[in-house]
Amino acid sequence: MTHSHILSNEDAKNFMFAGKSTVTFLSKNGNRFTYKVNKLKEEYKTDPNGDDLFFVSVMNGPDNERNYSYMGTVFAKKNGEKVFKLTRKSKVTKEAMSLKAFVYVMHNLYRNTLNGVQIFHEGRCGRCGRKLTVPASILNGIGPECIKHIR
């Protein structure tokens, strides 16, 4: 993975759900999955609780820009809890290793119990998608302007 960087667990929490992230998980046994996690824009929100909604897709082919299949949604509750759900339009089953890996990492990352998995970003801001050039931003995956908007 050229131009990628390993994120700390704390930076991975911010990066994954910043709004427009591409993230790769590499397990200690060599399994690797790449996901796009995109936040629903504010103007399309209909949730009366104000929870954030993210669409998750998994890379399923050789083109790392276009070969993604919709996996499901993540509801980010105001209390910080993240809940993954399959939907009618999900292209993977609950038995898919890519789905199990995503749910495992998401749950253990937020419980601070994640071990044996490296999390990479691909050199673009997790919030806006622009190429990162500031050294501190390359380390955490969020650009200097976007970091101001991360809660």
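Read-outs throughout are calculated quantities, based only on the coordinates presented, and are distinct from any laboratory measurement. The structure presented is a predicted model; accordingly, all values stated were derived computationally and were not measured. With ideal geometry, Cβ positions are generated from the backbone for all residues, glycine too; neighbour counts draw on all protein chains shown.
Here is how the numbers come out for the structure above:
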item: Residue count, the stretch 65-90 (criterion: surrounded by 15 or more Cβ atoms within 10 Å (Cβ to Cβ), more than 13 Å from the chain's Cα centre (by Cα) and among the basic types (Lys, Arg)); result: 0
item: Pick from the stretch 1-40, criterion more than 11 Å from the chain's Cα centre (by Cα) and assigned to a helix (DSSP H, G or I), ranking: surrounded by the fewest Cβ atoms within 10 Å (Cβ to Cβ); result: Glu10
item: All positions within the stretch 101-151 that are on the phi > 0 side of the Ramachandran plot and out of contact with any helix residue (DSSP H, G or I) (no Cβ under 9 Å at 6 or more places or on another chain); result: Gly116, Gly129
item: Residue in the stretch 108-131 that is surrounded by the most Cβ atoms within 10 Å (Cβ to Cβ), counting only those that are among the small types (Gly, Ala, Ser) and in contact with a Gly (Cβ under 9 Å, 6 or more places away or on another chain); result: Gly126
item: Selection count where residues are within 16 Å of Leu26 (Cα to Cα), of a type outside the set (A, V, I, L, M, F, W, C) and within 16 Å of the chain's Cα centre (by Cα), scope the stretch 112-151; result: 3
